[in-house]
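Some notes on the structure that comes next.
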Amino acid sequence: MRSIRLDFQKIAILWILLLLLLLAGVVKLNFHHFAQLPPSSPALKPALSDYHNTLCRLDADRLRVWEGLDLEGQHPEKLEEILHKLMIEPFGSVCQIVKRIGGYYERLRCVAHAEGYKFVCMDDILQDLEEGTCLIYSFGINKDWSFEDVMDSVGCTVFAFDPSVDYPEHRGKRITFQSIGVTAITDEKQKLFSLSDILHANGHTNSKISYLKFDIEGHEIKGLGAWHASGAIKNVQQLGFEYHLKTPEKAATMLKGIRDITVDGDFRLIVHDINGVWGKCLDHRKSLYFEYSEVVFKKVNRTQPCLP
């Protein structure tokens, strides 16, 4: 009986080891192919091809709209309407996996909703993680580190900035904090610096930036166009930011900046999500539009604007 029990234990151990090896293989396989479409039967390939071609055709139509925009001589109210109409038409063919990261529950007098989360296209991020090159720049922290902490935990190096708060220089494994902000033109007295100056100071002028996040309370209005014109975002792979469009004039300026990064900078809108907390709570002029929204733009290869 003792011999039989020992044989049974050996067999059980072998089965457990085999199961662990299989699970390890599955985990590795899933991570490696995370940015690809799930496997499909040969019968589905024609349908997937038609689906993909349709997305590419629709995106080509969207790009032509951006390229054909005539902004000269238009009234700010008209440009504001154009911006909000175009923001609900994200490009569908340039990202396969979008994830919502971070955030917290916010309860105010006028609404209760999720706040502070960011959307990220994981296609290139996973490749950067595999190569050890994931680099995040994040402007605007306030009290919420949820996005930065997650990106740190998965293996990204994070440079975080906010002139309105003071935190230790180091956080987590790979987060560095500086109490400065980003704007269109450097103003050292206000602890605000251009994006080019900040990248240069950190030795990243020519580095690939995996994700540039900014929630900077209106400085994005003039900043976006200025950073594009200076070449500061030429190596950025994704832009994720909240815009604050309190007047038609601000919306008109933002429209021009987005037109420029789309047509000349090869960025494509992939996410538009209204701010469910502040979108209407701070709408003092009773606008038709949600003045606060999260948007994400992904850089594409001009010679291959549509994913294979």
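Couple of notes before you dig in:
- Checked against (1) at pLDDT 95 or above; (2) surrounded by 16 or more Cβ atoms within 10 Å (Cβ to Cβ), D273 meets all criteria but (1).
- Residues (surrounded by fewer than 15 Cβ atoms within 10 Å (Cβ to Cβ), within 27 Å of F147 (Cα to Cα) and without any contact (Cβ under 8 Å) to a residue 60 or more places away in the chain) located in the stretch 61-108: K99, R100, Y104, Y105, R107
- The single residue among H204, H228 that is part of a helix (DSSP H, G or I) and at pLDDT 95 or above turns out to be H228.
- Meets criteria (open to solvent by less than 10 Å² (accessible area, probe 1.4 Å), touching a residue at least 40 places away in the same chain (Cβ under 8 Å) and not polar (S, T, N, Q)) for C156: yes
- Answer from L126, L58 - the residue that is modelled with pLDDT of 85 or more, over 30 Å from E291 (Cβ atoms) and surrounded by 10 or more Cβ atoms within 10 Å (Cβ to Cβ): L126
- Answer from K213, K222, K191 - the residue that is among the basic types (K, R) and farther than 18 Å from M254 by Cβ: K191
- The single residue among H200, H228, H170 that is without any contact (Cβ under 8 Å) to a residue 60 or more places away in the chain and crowded, with 17+ Cβ neighbours inside 10 Å turns out to be H228.
The values are calculated or read from the model by the stated rules, or taken from the named source; none is laboratory data. Because the structure is predicted, anything quoted here is derived from the model rather than measured. Virtual Cβ from ideal backbone geometry, glycine too; neighbours counted across all protein chains shown. Heads up: the accessible areas ignore ligands, DNA and RNA and are worked out on the full protein's heavy atoms, side chains in. Shrake-Rupley method; radii C 1.70, N 1.55, O 1.52, S 1.80 Å.
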